[in-house]
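Structure record follows, encoded as structure tokens.
The values are calculated or read from the model by the stated rules, or taken from the named source; none is laboratory data. All figures in this text were calculated on a predicted structure; none of them were measured in a lab. Cβ: placed from backbone, ideal geometry, glycine included. Neighbour counts: every protein chain shown. Ligands, DNA and RNA are excluded from the accessible area calculation, which covers all protein heavy atoms including side chains. Shrake-Rupley method; radii C 1.70, N 1.55, O 1.52, S 1.80 Å.
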Amino acid sequence: MKKFVLILVSGLILTIFVLFNYFLWVSGEEVERYKEQVESLKEDQAVDKNARESEYNNFMLQLSQRNETIENLSKQVNTLKDNTSKAEQDKQLQVAEIEERNHVIRKLLLQSDLTDMKDVVKRWTEAIDSGKYDDAFKLQYPRRPTQEEAKTLSDFSESFKNKIQSFKWKSIDLYNGELPSDLKGSIVLEAHIEVKKVPDAISVKFSDGINKRYFIIGLYEDNWIISDIKDVL
């Protein structure tokens with residue numbers, strides 16, 4: 001009986017010892033797994049922290065660059081404003097100077113003998129009237145004509161040939177009205193020309209009767225020429 005009890009107690013102790021070791025083994029594995037999970041979590045948090053810090057640093061760098069760009073643009077805008085203001089002041093000063101110069105020129109012209117300038121217009125109308133279209137053309141284009149200008153001469157002649165019967169100037173005077181901006185400072189003569197067309201003539205730039213034309217006078221090699229002819233100003 002004593003042996004049976006001893007065997008039973010020994011078996012129980014052995015079983016308890018085995019179970020205790022088993023539980024220690026299982027607990028050890030769980031602790032290791034837990035440690036591994038903790039270490040992995042720490043690594044993930046460290047990576048996430050580094051990523052956030054990198055994003056933050058990039059954001060701050062971009063913000064700094066944008067602020068610098070805005071500051072540079074603001075400086076450029078202020079510089080442009082200053083330049084625009086100065087340019088506007090210079091423009092107003094130039095306009096005032098041009099108007100004053102034009103006033104002086106017009107006053108001098110009114111006091112001067114315009115015979116030579118008027119004579120250019122007279123010779124032009126008389127050349128048209130007598131059919132000497134080349135002579136009239138030379139009063140507008142005095143240099144030796146190029147190939148392109150030769151075609152212009154041909155077109156010029158055709159615009160009068162067999163279309164104009166009579167072409168007489170009636171009056172030629174200095175134009176004293178307000179000039180458009182593109183003619184400021186120019187010498188402009190206002191001429192009245194009496195025209196008689198060939199019956200049934202077409203594509204004629206002049207009508208029967210009195211025609212008003214404006215002759216812009218220029219200089220070429222110290223000689224007065226007709227630099228342009230306008231219907232209206």
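Here is a check on your reading of the model: is LYS35 at pLDDT 70 or above and surrounded by 10 or more Cβ atoms within 10 Å (Cβ to Cβ)?
No; evaluated as a whole, the condition is false for this residue.
Step by step: first the residues of segment 125-135, then only those that are free of Cβ contacts under 8 Å to residues at least 24 places away in the same chain and within 46 Å of the chain's Cα centre (by Cα), then the one that is farthest from TRP169 (Cα to Cα). Which residue is that?
Within segment 125-135, the match that is farthest from TRP169 (Cα to Cα) is ASP134.
Consider ILE193 carefully, then state whether it is at pLDDT 90 or above, open to solvent by less than 40 Å² (accessible area, probe 1.4 Å) and outside any loop (DSSP other than H, G, I, E, B).
yes
Restricting to segment 202-233, and then to whatever is small (Gly, Ala, Ser) and surrounded by fewer than 12 Cβ atoms within 10 Å (Cβ to Cβ), can you tell me which residue is farthest from the chain's Cα centre (by Cα)?
Restricting to residues being small (Gly, Ala, Ser) and surrounded by fewer than 12 Cβ atoms within 10 Å (Cβ to Cβ), the top hit is GLY209.
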